1. Which whole-number percent gives the relative contact order of the chain, counting Cα pairs below 8 Å spaced six or more residues apart?
2. Just the accessible area per residue of the chain, please: how many Å² with a 1.4 Å probe?
3. Between THR82 and THR124, how many nm apart are label points set 7 Å from Cα along the C-beta direction?
4. Helix-derived [θ] at 222 nm for the chain: sum -39500 (n - 2.57) over DSSP H runs of at least 4, divide by residue count, nearest 500?
5. For the chain, which whole percent of the accessible surface, found with a 1.4 angstrom probe, sits on carbon and sulfur atoms?
6. Can you tell me the dipole magnitude for the chain around its Cα centre, using point charges on the Cβ only (Lys, Arg +1; Asp, Glu -1), in Debye to the nearest 20?
Amino acid sequence: MKQINPQTSKGPDDWFTGDVHPTIVLAGEEPSRVRMGSVHFAPGARTAWHSHAVGQYLHIVEGIALVQERGGDVVTLHPGETIYTAPGIEHWHGASPDSFMVHLAIWEVPGDGGAETTWGVHITDGEYRQAADARTGA
Ligand code: MN
């Protein structure tokens, strides 16, 4: 057995807008390439646009989450719900404007050893407000 002591740090400004604290819960022992993070978002905080080489599952633990794929509707998710984003699909995720949000994120390092996540531009305050106003599934 091996006990894991998760490490928390403030998410880098290049990847997040607002106060976001990811905790890497586990990084799978080879041959596993699984990764799991528990990510705390303050109200209004969100990721930049990004994609995952091997896709990603998000499981909402607390609060209200907003998730959007490029060109798609803004989806509202609640605790206990899980959403999957396919490999290479650009998307962002974050808290709603008036609630904290915690999700688990599960993804993998690609088998070729390449980048697990590719980061893009931030969601501007205007884009975020528009997304929050247009959300569905609330
Ligand atoms: Mn993601």
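1. Details: 351 pairs, mean separation 39.3, N = 138.
Across the chain, relative contact order equals 28 percent.
2. Working: 7470 Å² over 138 residues.
Each residue of the chain exposes 54 Å² on average to a 1.4 Å probe.
3. 3.7 nm
4. On the way: 1 runs with 10 residues, N = 138.
Computed mean residue ellipticity for the chain: -2000 deg cm²/dmol.
5. On the way: 4050 of 7470 Å².
Carbon and sulfur atoms account for 54 percent of the accessible area of the chain.
6. Details: 8 positive and 17 negative charges, 40 e Å.
The calculation lands at about 200 debye.
The values are calculated or read from the model by the stated rules, or taken from the named source; none is laboratory data. Computed from a predicted model, the values in this text were never measured in an experiment. We place every Cβ from the backbone using ideal geometry, glycine too, and count neighbours over all the protein chains shown. Accessible surface areas use protein heavy atoms only, side chains included; no ligands, DNA or RNA. Shrake-Rupley method; radii C 1.70, N 1.55, O 1.52, S 1.80 Å.
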